[in-house]
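Everything on this sheet refers to the single structure shown next.
The values are calculated or read from the model by the stated rules, or taken from the named source; none is laboratory data. Everything numeric in this text was worked out from a predicted model, so none of it was measured. All Cβ positions, even for glycine, are placed from backbone atoms using ideal geometry, and neighbour counts span all protein chains on display. Surface areas here come from the heavy atoms of the whole protein model, side chains and all, with no ligands, DNA or RNA. Shrake-Rupley method; radii C 1.70, N 1.55, O 1.52, S 1.80 Å.
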Amino acid sequence: MHPNLKLSDKAFILIAVPLVFQVLFVATLAYLLKGAEEDARREAQSREIVSTAEQLAKFSQEAGVLVYLYKKFESDALITRYKGETELMRKEAIKLSELASGDPQEQMYTKDIERVTIKGIHFADEVIDASSKGLRDPEEVATKKAREGVLGFSGELLHTIHELAAYEQKISDIQSRSGTQKRQFIWDLLIAGIVFNFGLAFFLAGFFNSATSNRLKILMDNSLRFATGRELNQPLKGKDEIGLLDETFHKMAQTLSEAQKKERAIVDNALDVICSVNENMTFAAVNPACQAVFGYAPEDLLGKRVIEIIPADQVDKLNKMFQQVKTGASGPVLETQIRRPENRLVDVRWSVYWSEPERSYFCVARDITAERQVERLKQEFISMISHDLRTPLMSVQASLFLLSAGAKDALSEGMAKNLTQAERNVNYIINLINSLIDVERISSDKLDLNCSNTDLSEIIDTAAQAVKAIAEMRNIKVQCLFTDAEVYVDSGRMIQVMINLLSNALKFSQDGSSIQVVAHELSDEVEVQVIDTGRGIPASHLKSIFGRFEQVEASDSTQKGGSGLGLAICKAIVEAHGGTIGVESEPEKGSRFWFRLPHRVPVTAP
C-alpha cells in the first residue's frame, strides 16, 4: 500500500474492499436467484395451463355425453348436470386465458380453445333447446346430428388442447433445464465467491501486515540502534503514522545526541569529580576532574575500589554511608577524605544517588579542603575574639564602670565625657563580639536551647522592662497587649529576640511616638507583633532585611548604632524553635515585625 496512506485509511481499505465485493456478490446472487425463480414460476405456470386444459377437455367430454343422452332420453336431471358442466367449461376457459396472458403463442392457443369451447356450448344449447321445443326430425336423424356436432367440436377442442399441452411441455422442459443450469451456476458461483472473498481478505491482510510490519521492524531496529549508540537506519518514506513516528524518533535521537554531547562536554569540563560506582564500590566511569581533585587519571581509577583511595580509618564510615544511601535510610550528602598519590589528604563532599535499575551509585565529589580551611580559620578567629578579646574587654568594661562610679565627682567635665564615651564603645564592642559568637553558633548548628513551657506574657514583660530606660529617655511609650498563652521555648533566647525587635523599633522611632507589642493566639500558633511608626523599610529591602550585616542605609551603623546582626539572630532563634518570622512595612508609615511560634509543641533543639 502507498506509504502516504494513514493506518486508518489502510484499515478502511482492508475492510471496505471485501465488503464491496460481498455487496456486489450478493447482488449478483440475488439477480440470478430472481431469474431462477422466474424460470420455476414459468414452469409451474406451464403445468397449471396443461392441468387447466385437461380439466376443460374433461368437462367438454362430459358435456357432450350429457347432450347426447338428453337428446335420447330428454331428462331434466341431465339438463341440470349439463348446465353445471358448461359453467365449469366457461370458468376453465377464462382461467386458461388468464394463465396464458404473457406468451403470444399461448394466447393464440387459449383463444382458439376459448372460441371452440364457446362455439361448442352454443351448439349444444341449440340442440337441447330444439329438442325441448319438440323437434320433428326422426329420432335417429336427430341423434346422429347431435353426436356428430358434439364429436366435431370435442375433436377440435381436444386437438387444440393437445397442441397447447405439447407447447407447454416444451416450455416446461426448457425452463427445467434452464433452472437446473442456473441453480448449478449459482451454487458454483457461491462457492467461488466465498473462496475468493476469503482469499481477498487474507491477501489484503497479508499485504497490509507485510507493509506495516516491515516498517515497524525498521522502527524497532532504530530503537535498538539508538540504545546501543549505533547509527540509525535511513528515515522511512511516507507520511503515515509510522512514517511520522519515525521522523519524530529521528528528531528525538538527534536532539538527545546533541544533549549527550553537551552533557559530556559539561561532565568532561566540570571542576567536580563526576563518576559512577557499581554495587561492589568499584569505579565504572569517571570524568577528567579526578586528576585535579583525586590526583589520579581516569584510566587509573577505572576498576579500582573507592576504599583504596580512602584513609583506612574512614573505610567503615564510607561503606556505612553508601549502604544507607542504597537503602534510602540516609541523605545523599556524605563527607570523607581522599588520599592522593603523594599521600596528601583532601576533604571531599559526596553527593550520592543510588539507581536500582542500573544497580550503581552516581556520585559528584567536590573538593571542600579550602572550605574546611576557611571554617577552621573562622573557628580560630571566633575562639580568639571570644577568649583573647572579650575577656580583656570585659575587664576594661568593669574598670571603666568602677572608675565612672567612684571618681565621677573628681573628674573634669571633659574627662567624664571621654570616660562615658569609652564605656559606650567598650559595651558596643562586647555586644558585637557576643553577636558574632551567636551567629557562629547558629551557622554551626551549635545553638543550645533549653526549652520549657513558659508564659508568653513573662517574656514580653521582661523584654519591655529591659528597654524601658531607653524608651523613657526618648519619651517613647511601649504598649503591651498580653495573652495568657504558653509556649514551649528557651525563655532566655526568646527574651533576646524581643529585646532585639524592641531595640530596633526604638532605634528608628521618633521621640514622643509609641510602640505596640501585640500577642494573640492563632489556630495552632501564637503570633507576636512589634509595631512602630518609624521611617519604615523600602520594598527592595524587605526580603534581605534578615540577612547578616544588612542595613537599610549605609549610615545606620554609625548614626543609629548596631552591627546588622540582630535581625539575623532573631530569625535563626525563631526558626530553631520551629517558628517563622517576617516584616511588613511602608516608607514613612512604620513597620510591623512579627514572629509565630508553635503553641505548646516541644521542639527538639538542633
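Just reorder TYR361, TYR167, TYR31 by solvent-accessible area, largest first, 1.4 Å probe, all chains present.
Solvent-accessible surface, decreasing: TYR31, TYR167, TYR361.
Starting from the amide H of ALA285, placed 1.01 Å from N in the peptide plane, find each other amide H under 5 Å away whose residue is 5 or more places distant or on another chain.
SER276
Probe radius 1.4 Å, ligands and nucleic acids left out: which of ARG596, ARG359, ARG115 has the largest accessible area, and how do the rest follow?
The ranking, largest first, comes out as ARG115, ARG359, ARG596.
5 Å is the cut-off here: which amide hydrogens, built 1.01 Å from N in the peptide plane, fall below it relative to ASP490, excluding neighbours closer than 5 in sequence?
So ASP490 has HN proximity to SER452.
Would you mind getting me the FRET efficiency between ALA27 and MET252? Use the beta-carbon distance for r and R0 = 60 Å, nearest 0.05.
So the FRET efficiency works out to roughly 0.75.
Could you calculate the FRET efficiency of ILE470 with ARG349 from 1/(1 + (r/R0)^6), where r is the beta carbon distance between them and R0 is 60 Å, rounded to 0.05? Walk me through the numbers on the way to the answer.
Working: r = 46 Å, r/R0 = 0.77.
Rounded to the nearest 0.05, the efficiency is 0.85.
Using a cut-off of 11 Å between beta-carbons, work out the net charge of the residues near SER51 (Lys and Arg +1, Asp and Glu -1, SER51 not included). Could the numbers behind the result be given before it?
Numbers: positive: ARG47, LYS58, LYS95; negative: GLU48, GLU54, GLU92, GLU168.
In short, -1.
If you take every residue apart from LEU189 with its C-beta less than 15 Å away from the C-beta of LEU189, what net charge results, scoring Lys and Arg +1 and Asp and Glu -1?
+2
Between SER223 and LEU542, what FRET efficiency follows from the Cβ-Cβ distance if R0 is 45 Å, with the result rounded to 0.05?
Between SER223 and LEU542 the formula returns 0.25.
Ordering HIS122, HIS520 by accessible area with a probe of 1.4 Å, largest first, what comes out? Working shown, then result.
On the way: HIS122 100, HIS520 65 Å².
So the residues, ranked largest to smallest area, are HIS122, HIS520.
Tell me which residues come under 5 Å, amide H to amide H, from VAL478 once H is placed; ignore anything under 5 positions away on its chain.
ILE515
What residues of the range 293-326 lie in the reach of a label at ARG376, counting those whose backbone N is under 20 Å from a point 7 Å from the Cα along Cα→Cβ?
Correct set: 293-295, 310-315.
What is the ratio of the Cα radius of gyration of the range 283-361 to 2.2 N^0.38 Å, where N is its residue count, to two decimals?
Values: Rg = 12.7 Å, N = 79, 2.2 N^0.38 = 11.6 Å.
Dividing the Cα radius of gyration by 2.2 N^0.38 Å gives 1.09.
Could you give the length gained on full extension between LYS507 and ASN450, defined as 0.36 nm per residue of separation minus the Cα-Cα distance, in nm?
Residue separation times 0.36 nm, minus the Cα-Cα distance, leaves 17.5 nm.
Could you tell me the accessible area of ASP367 in Å² (1.4 Å probe, neighbours in place), rounded to the nearest ten?
Roughly 70 Å² of ASP367 is accessible to a 1.4 Å probe.
Expressed in nm to one decimal, what extension gain is obtained for the pair GLU279 and ASP461 from 0.36 nm per residue of sequence separation less their Cα-Cα distance?
Contour length minus Cα-Cα distance gives 59.4 nm.
Over 28 Å between C-alpha atoms is what I'm after, so list which of LYS95/LYS182; LYS111/LYS182; LYS34/LYS170; LYS95/LYS119; LYS251/LYS304; LYS111/LYS170 land there.
Violating the 28 Å limit, Cα to Cα: LYS95/LYS182; LYS111/LYS182; LYS251/LYS304.
Using the Kirkwood radius over C-alpha pairs as Rh, can you work out the diffusion coefficient of the range 21-128 via Stokes-Einstein at 25 °C, viscosity 0.890 mPa s, in µm² per second? Don't skip to the answer; put the middle values down first.
Numbers: Rh = 16.1 Å.
Calculated translational D: 152 µm²/s.
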